[in-house]
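The values are calculated or read from the model by the stated rules, or taken from the named source; none is laboratory data. All values derive from a computational prediction rather than experimental measurement. Glycine gets a Cβ as well: all are built from the backbone with ideal geometry, and neighbour counts include every protein chain shown.
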Amino acid sequence: MRYPQSLRGRRTLKTRRFYCHDCRSSFTYRFPAKRRRFSYQTIKDAIKRVVEDNTSYRRVSDRLGASPATIFLWVSTFGLGAKTPLEIAKELRPKWGGILQVDCKPVPIFGKKATVFVAVDVETHDPFHFDLAPEEDQESARRFLRTIKEVFQYPARGIVTDLGKGRVFVGLMEQLFPQVPHQACVVHFLRYVHTRLPRSTKSAHYHQNEFLRAYFKELLFCSSYHDAERMFVRLIAMEPLFQANYHKTIFRSLKKNFQLLTTHLSYKHLPRDTNVVENVIKQLNMKLKLLHGFKTQQSAYRFLKLWFCAYRFRPFRASQKPSRNGKSPLNLAQVTTHGIDWLEYSQRSK
């Protein structure tokens, strides 16, 4: 390429174009076509590295020589054309086990916090639905759960959630899934107890706090409802001995949620924690930390469509159950994914 010198310095020599009056189009005499700097395969590989790997736009940029803004544009373009979870469900028709876990996670968007709701089928570990809402409120949660019930027609035979912000899921489960047993996560509740009880040895109630920590743990992890109820009655009888305000708060919460915390003891197919959906959210959180948030809700939703699609196609490698290794969540849901490129599949047909 020639760089003629001018009074303003070196400038790029522009290509001269001509106009044809017969076909009414312009053309270049010497250069019939412009070569693309990056091939389609390179663009696909860059998107997969951003979505799948524990890396950032900057690291992928350094390796390819494209700017982070360019790679972000590629991801955004593919995210715009990506299928929604409902479109994937209609096409692939996965077979779910019916044990539903639901949770949500804050997502930073231009300095503010939005919320991504996630629904996972426990038996297949398939995060079959997600939604991005401005906040974790009753209306957003209702819309999310109604979509699961009425649009996905999920065959729910058990539900596990944490108690959530303001018990947002509890009342909705009673309304939308009245005949389905609902278990509250005992791990979250025990964590709540630990955060409420001071750990300082200088506390005036130190010995009482240590007693309650051990007692709550034993109660929440009982192997039978009879044992849990017996420990619950005994603890309530001791309530007047615990006078600190945080003691009263914990006792009030336990009495309000005892039945939810022990549902799994009456329904053996129910897990007592939300570990499956928490694992999905943990991996998503690791990815989002590398991206440092999003500027718009649209760019966040586009990325999430790609990320969840990739997760559903990715085989497990170190599962606690060896039978799952080598199989993806969609495989476990009786969907054949052999030979399918998840990124190509994610795109709507034009």
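Evaluating ARG234 against the criteria (1) modelled with pLDDT of 95 or more; (2) surrounded by 13 or more Cβ atoms within 10 Å (Cβ to Cβ); (3) among the charged types (D, E, K, R) leaves one unmet condition, (2). HIS21 meets all of the listed conditions (1) exposed (fewer than 10 other Cβ atoms within 10 Å of the Cβ); (2) modelled with pLDDT under 85 but one, namely (2). Have a look at SER56, SER76 and point out the one that is under 17 Å from ARG348 (Cα atoms), surrounded by 14 or more Cβ atoms within 10 Å (Cβ to Cβ) and in contact (Cβ under 8 Å) with a residue 60 or more places away in the chain. Just one listed residue meets the conditions, SER76.
Only one entry in THR263, THR249 is under 27 Å from the mean Cα position of the chain (by Cα) and among the β-branched types (Val, Ile, Thr), namely THR263. Taking the numbered list (1) crowded, with 17+ Cβ neighbours inside 10 Å; (2) among the aliphatic types (A, V, I, L, M); (3) not assigned by TED's automatic domain parsing to the domain that holds LEU172 in turn, ALA333 passes all entries but (3).
Reported count of residues in segment 74-95, each being farther than 17 Å from TRP307 by Cβ and either not assigned by TED's automatic domain parsing to the domain that holds MET286 or not in a helix (DSSP H, G or I) (or both), is 3.
For segment 124-141, taking the residues that are among the charged types (D, E, K, R) and surrounded by 16 or more Cβ atoms within 10 Å (Cβ to Cβ), the one that is farthest from GLN298 (Cα to Cα) is identified as ASP126.
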